[in-house]
Protein chains: 2
Amino acid sequence: MNTLWRTHFRGREPLVLGVLVSGSGTNLQAIIDEIDRGSLNAKIAVVVSNIASAKALDRARTAGIPTVVLDHKAFADRAAFDTKLVETLLAHHVTCVVFAGFMRIVTSVVLRAFPNRVVNIHPSLLPAFPGVNAQAQAVAYGARLSGCTVHFVDEGTDTGPIIAQRGVPVYDDDDEASLRERILRKEHALLPTVLQWIADGRIEIDTSGDGTRARVRLKPYS
Amino acid sequence: MNTLWRTHFRGREPLVLGVLVSGSGTNLQAIIDEIDRGSLNAKIAVVVSNIASAKALDRARTAGIPTVVLDHKAFADRAAFDTKLVETLLAHHVTCVVFAGFMRIVTSVVLRAFPNRVVNIHPSLLPAFPGVNAQAQAVAYGARLSGCTVHFVDEGTDTGPIIAQRGVPVYDDDDEASLRERILRKEHALLPTVLQWIADGRIEIDTSGDGTRARVRLKPYS
């Protein structure tokens, strides 16, 4: 197994990630751990948080990763914030942007700078339960199967092309917290997996369908 | 295992089902087969179709089950159709109504006659992709995980309290037909399972939550 991925990685440049966070950063930690383990051919060039007190920043510092705080309240509007965000990411030579619990909607300023290179992880099986508090929405609705979705970001709220989804059961006695924990375990496995697909150049976006919506395809290993 | 369910069924009345169909009736067949097999403690008192040519009617006749055709186009409005439907079901002593590919929305006429006793199976993970052509909707959206949902019917379109859900992967080369087939295999397992839960008196509807939406709970075997 070890030999296999070493062969596979040989000669490939690692994916250069900019990871955007707002909270505790467990998905950031999952990416750091998979890189350390040698199972994700990437490096995290910078971690950007819009919240100065985010625990994710401590995780980044512990791992020796540069951190930047961009307090969104210090900017006149979304476009000004996004312009500074793009500047920061480009200054660190980022080629793929990861929203790992980043609680901001971005504008076309970011999406144009990183076309099809902005990835989000969302704690529901989209298109069910988009937006904030997805786990609480699923519990309140009485869903029996929920999960997580990794998708490319577009200008909507959790509407972009879906790359991968994983399901978890919802039990009778679940509340928002217990469901969040169960989904998080899937998130921590899925997000690094998808990033490795991107590192391998396996993800392609297919717009040849009905013309109204792009679909993601996963190419075989080459 | 055999001994176990025999013990369990002993002294319990079988659930008396009225199964409503519009199409090929593979879910009806799954119910018939599980009853024959002794793993579902139910009997089908009547199969009602709104389509005279539905293949499901042949399946019912082959199994010796009474059939009734109610052509919705012969009724003045939905309420008139539903009144006749309720009459038919009550005449056959039905206590639980199953929509197994029944392509009609019913009114409160049916729901009041069978409160919390009308069950539907839908080929998506609701609340995603309600309404017609759920499988095509999932493929067009680019979902990577879809499945089926068994829920109690309310007056909305596929909005009632969810009893159970099962997931299936969606592959890059899926079209509506291939996804339908994969979901159907899950439907055929799930629908009889849920009906047995109802036969066992294990399903309860909990309205003690946020007060806005009923949630279904599955009680332990007693």
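The values are calculated or read from the model by the stated rules, or taken from the named source; none is laboratory data. These numbers were taken from a predicted model, which means no experiment stands behind them. Counting neighbours? That spans all protein chains shown, and the Cβs are built from the backbone with ideal geometry, glycine included. Remember, those area values only see protein heavy atoms, side chains included, never the ligands or the DNA or RNA. Shrake-Rupley method; radii C 1.70, N 1.55, O 1.52, S 1.80 Å.
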Next on the checklist: So, B:Gln196, is that one surrounded by 14 or more Cβ atoms within 10 Å (Cβ to Cβ), touching a residue at least 60 places away in the same chain (Cβ under 8 Å) and in contact with a helix residue (DSSP H, G or I) (Cβ under 9 Å, 6 or more places away or on another chain) or not?
Outcome noted: yes
Item to check | Residue selected from segment B:134-145 under the condition in contact with a Pro (Cβ under 6 Å, 6 or more places away or on another chain) and more than 14 Å from A:Leu125 (Cα to Cα), by the criterion nearest to the other protein chains (Cβ to nearest Cβ) | outcome: B:Ala134
Next on the checklist: Scan segment B:146-156 and tell me whether some residue there is under 16 Å from B:Pro123 (Cα atoms), within 12 Å of another protein chain (Cβ to nearest Cβ) and open to solvent by 30 Å² or more (accessible area, probe 1.4 Å).
Outcome noted: no
Checklist entry - Under the condition of being open to solvent by 10 Å² or more (accessible area, probe 1.4 Å) and under 15 Å from A:Phe102 (Cβ atoms), which residue from segment A:157-172 is nearest to the other protein chains (Cβ to nearest Cβ)? => result A:Asp158
Checklist outcome for this item: Given (1) over 20 Å from B:Val98 (Cα atoms); (2) open to solvent by less than 20 Å² (accessible area, probe 1.4 Å); (3) hydroxyl-bearing (Ser, Thr, Tyr), B:Tyr141 misses just (2)
Item to check | Residue in segment B:174-183 that is more than 22 Å from the chain's Cα centre (by Cα) and within 11 Å of another protein chain (Cβ to nearest Cβ) present | outcome: yes
Next on the checklist: I want to confirm something. Restricting to segment B:90-133 and keeping residues that are open to solvent by 30 Å² or more (accessible area, probe 1.4 Å), within 14 Å of chain A (Cβ to nearest Cβ) and at pLDDT 95 or above, which single residue is nearest to the chain's Cα centre (by Cα)?
Outcome noted: B:Pro130
Item to check | Search result, residues across segment A:158-175 that are of a type in the set (S, T, N, Q) and part of a strand (DSSP E or B) | outcome: A:Gln165
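Output the residues belonging to segment A:71-96 that are of a type outside the set (Ser, Thr, Tyr), part of a loop (DSSP other than H, G, I, E, B) and touching a residue at least 40 places away in the same chain (Cβ under 8 Å).
A:His92, A:His93, A:Val94
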Checklist entry - in contact with a Pro (Cβ under 9 Å, 6 or more places away or on another chain) and within 12 Å of chain B (Cβ to nearest Cβ), is that true of A:Thr212? => result no
